[in-house]
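To start, the structure under review is shown below, and the notes come after it.
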Amino acid sequence: MPLHTVSFLVENKPGVLFKVANLFRRRGYNIQSLTVGPVEGSPLSRMTVVVDAESRILNQIVEQLDKMVDVVKVKRLDPLRTLSRELLLIKMKTSDPIARIEAVNTVNAYHGLILDVDPDILIAEVTGPTDEIDEFLKRIGPIGIEEMSRTGAAAIERGNVKLA
Amino acid sequence: MTEMTGAEAYVKALEKEGVKYLFGVTGAAIIPICDDLLKSKIRYIGGAHEQGSTHMADGYARVSGHPGVVQVTSGPGATNIVTGLATAQLDSSPVVALTGQVPLSMVGTDAFQEVDIIGITASVTKHNIQVMEAVEIPHAIKSAFYISSTGRKGAVLVDIPKDTQTDKADMVFPDKVEFRGYHPNIEPNSQEMHWAATLLAKARRPVIIAGGGAIASGATMELIELAEMLQAPVATSLMGKGAIPSNHPLSLGLCGMHGRCEANYIVPEADVLLVVGARFSDRTTGSLRGFAPNARIIHIDVDRSEIDKNVDSITRIVGDAKLAIRGIREKVAQQRNTGHTDEDLVKRIKEFKAQSDTLNTSPLSGPEVIRAIRRAMPPDSIVVTDVGQHQMWAAQHYDVRGPGEFFTSGGLGTMGWGTPAAIGAKAARPDLPLLNISGDGSFAMTENNLAIAVDEGFPVTVVILNNGVLGMVAQWQRLFYNRRYSTIQRPKHPDFVKLAESYGATGVKAESTKQIETAIKRSIKEKQTTVIDVPMDPEENVYPMIPPGMGLKDILLGGA
Ligand SMILES: Cc1ncc(C[n+]2csc(CCOP(=O)(O)OP(=O)(O)O)c2C)c(N)n1
Ligand SMILES: [Mg+2]
């Protein structure tokens, strides 16, 4: 099933994240990722969810979210205009010097940053669209992933349109 | 601005909403409020169990159109209302639930009688709110009433920690509340109404299905006019019963699993189907393949999320059904000559009606008992039902003249709803006789509410179609499980006549339709809460029936 990105503004108050998550759980919608953060200078937060859904369900997700009193505005982002990024923090085992060089090269190739260096361990940060992060992880897999933390996608549409 | 306690503000906020009755059961976490209620004119109706109190509030709400209010304590008081809230929410009934809670400082500690009622009820309410400071109480209560009674109505809960009841604050009572994320009044789109009118005007076999939304919006007059103009027959969902008089020549009655022949044979023939305030529940449509295979569907609903949820429509009108139908009717009138009756159609409907009415005419069959109740009830009166076979017979055979005469738990199908709902309904319309069409299993679930009917002076009549089994489940086992009866036997019932008497009500055993009629008439005349116990055949089935998973035309008319 295709992945879709839905962004929505919610009241920034206790309990709202629970209600949103509860809606997804109870109606059986499949979430790939969910990100939340406050909107500067406003009492709202912006949530972005990436869902795996065919069109009837996608439509339901938008409408059911919109129906919630605490959800102010919902938009299904246009895939052709959407800029989407997620952040990966990754810890790699690099006691072997060759593995270490390979890890640094791979991080560089994905425009990542080395954040911390330890005799046996490298920590890097990589940002990019979700599929790029997936690709990066595939490359780094054989080198050895000790630990990782992904944020899920934040997304915004190009041009003079906004969710407000 | 006036300084007062949260409890005082609570009472004042309810008074400002015009609340006449509070249904509930008391407890420690709500005592400060109960203390202040002593000074109020709001009448408190103490219940036997919070579920019953919630159904009373629901019955009150459905009949009066105003929110019904239930007030309970924290913990078990709060969890006991969950079934009632779900029942109200699924049938779009405006119920406001007010729950006490442990003091905020103890919330989250598993304190005595603490439950997370916000979490527990999030899925069965339209909205819920936990008060965090005394000063929020007037706004929270105003919001609950506003949200529950606008747009698609529903259940709203406000959870009120005990310390916010006793804290003092400078209170402001808003006349109006607004939400960035809640805009219930949607004007139907005129382009969509135009398309709908064009489709309908050109249709050769238009059919209308009316649901609870048609009744909630008061659209029935417009709906009937449109139906007559188009010569479109009107079927209803269970919640839509009353959208058209049962004896109207274009009335098809109940559609779906236990729908009448006229509805289930004629709906699938539609080339254009206008669905008004109904949500294509599986019980109304049967298998979607056989539902209306050749129809182009026009769907009107106030709740946008219902559009295309189960069935795709080609014209979608979001908004108030009354406004939408009025708009469509005007536009149809411009496009089509109307007036003459479709004699062939009316004749077919009549024939199917006769078929539906003669499926089982043995003296104490379900349909005959329902018809006897109808004969005994005056025209201006209200019936409610419980859930099971008796409910389906009532939906099929209890003739109504319009909305406001028949109420039932449709979406949740809550056994035990009827008796307390009848009491709440009686509180809303003390001038009208109220009768619950019940089953032995359903009645036993909430019979303790008879005490409230007697004590508080809300006389209701209950007719128990007593087949001694959980009949609807027995029917499925008879028809689809080769008579392998399991779990359907009730533990031995008490003697319902003596039970009624022990509550101070009247109990009558009625063994003929004549005796039923006499007992009902007497209970109404004497304004006496009365339980009428009618022994019934435990083997009788409700027909017609569409077996689960089959299409509307796959009707079983009898047999097994
Ligand atoms: C609270 C609740 N529990 C269980 C059911 C499942 N159920 C549906 S109908 C039915 C039998 C109802 O028995 P009764 O009230 O005697 O009515 P009858 O079908 O015999 O007319 C049962 C158990 C239900 N609808 N509601
Ligand atoms: Mg029974």
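With the convex hull of its Cα atoms as the shape, segment A:81-141 has an orientation-averaged projected area of 3.9 nm².
The alpha-carbon of A:Lys93 sits under 20 angstrom from the alpha-carbons of these aspartates and glutamates, leaving out residues fewer than 8 places away in its chain: A:Glu102, A:Asp116, A:Asp118, A:Asp120, A:Glu125, A:Asp134, A:Glu135, A:Glu146, A:Glu147. Using only the Cα atoms of chain B, build the gyration tensor, take square roots of its eigenvalues as a ≥ b ≥ c, and label the shape rounded, prolate or oblate: rounded if a/c is under 1.5, else prolate if a/b is larger than b/c, else oblate. Note, shape of chain B comes out oblate. Taking the inverse of the mean 1/r over every pair of distinct Cα atoms in the protein assembly as shown gives a Kirkwood hydrodynamic radius of 28.2 Å. An ellipsoid equivalent to segment B:131-254, defined through the eigenvalues of its Cα gyration tensor, has semi-axes of 44, 17, 10 Å when rounded to whole angstrom and sorted largest first. Checked against a 21 Å cut-off, the cross-linked pairs B:Lys41/B:Lys142; B:Lys176/B:Lys309; B:Lys20/B:Lys126; B:Lys126/B:Lys426; A:Lys19/B:Lys20; B:Lys241/B:Lys322 give Cα-Cα distances beyond that limit for B:Lys176/B:Lys309; B:Lys20/B:Lys126; B:Lys126/B:Lys426; A:Lys19/B:Lys20. Per residue, the accessible area of chain A comes to 55 Å² when a 1.4 Å probe rolls over the protein heavy atoms. Cα centroid separation, segment B:124-141 to segment B:4-25: 13 Å.
For the protein assembly as shown, the share of accessible area belonging to carbon and sulfur comes to 52 percent (1.4 Å probe, ligands and nucleic acids excluded). For segment B:2-171, with equal point scatterers placed on the C-alpha atoms only and solvent neglected, what are the log10 I(q)/I(0) values from the Debye formula at q = 0.08, 0.09 1/Å, to two decimals? Rounded to two decimals, the profile gives -0.19, -0.24. When both bridge partners sit in chain B, DSSP labels roughly 10% of those beta bridges antiparallel. Dividing the alpha-carbon radius of gyration of segment B:426-560 by the rule-of-thumb value 2.2 N^0.38 Å gives 1.21. A 1.4 Å probe run over chain B, with the rest of the protein chains in place, finds 38 Å² accessible per residue. Distance between the C-alpha centres of segment A:55-100 and segment B:66-121: 34 Å, rounded to the whole angstrom. Compute the distance from the alpha-carbon center of segment B:368-393 to that of segment A:19-37, in whole Å. Cα centroid of segment B:368-393 versus Cα centroid of segment A:19-37: 44 Å apart.
Give the average over all directions of the projected area of the C-alpha convex hull of segment A:1-124, one decimal, in nm².
10.5 nm²
Within the full protein context, the accessible area of A:Lys73 is estimated at about 80 Å² for a probe radius of 1.4 Å. Each DSSP beta bridge with both residues in segment B:181-332 is either parallel or antiparallel, and the antiparallel ones are about 0%. For a straight C-alpha distance cut-off of 13 angstrom, the aspartates and glutamates reachable from B:Lys492 (same-chain residues fewer than eight places away being disregarded) are B:Asp440.
To make sure I understand the rule: partners must be aspartates and glutamates, Cα under 17 Å from the Cα of A:Lys67, and not fewer than 8 residues away in the same chain. Which ones qualify? Excluding near neighbours in sequence, the set is A:Glu11, B:Asp91, B:Glu178, B:Glu187, B:Asp301, B:Asp303, B:Glu306, B:Asp308, B:Asp320.
Could you state how much accessible area is buried at the A-B interface, both sides summed, with a 1.4 Å probe, in Å² to the nearest 100?
Buried: approximately 1600 Å² between B and A.
The values are calculated or read from the model by the stated rules, or taken from the named source; none is laboratory data. Everything quoted here is computed from the prediction, not taken from an experiment. The protein model used for the area step is the full one, side chains on, heavy atoms only, and it has no ligands, DNA or RNA in it. Shrake-Rupley method; radii C 1.70, N 1.55, O 1.52, S 1.80 Å.
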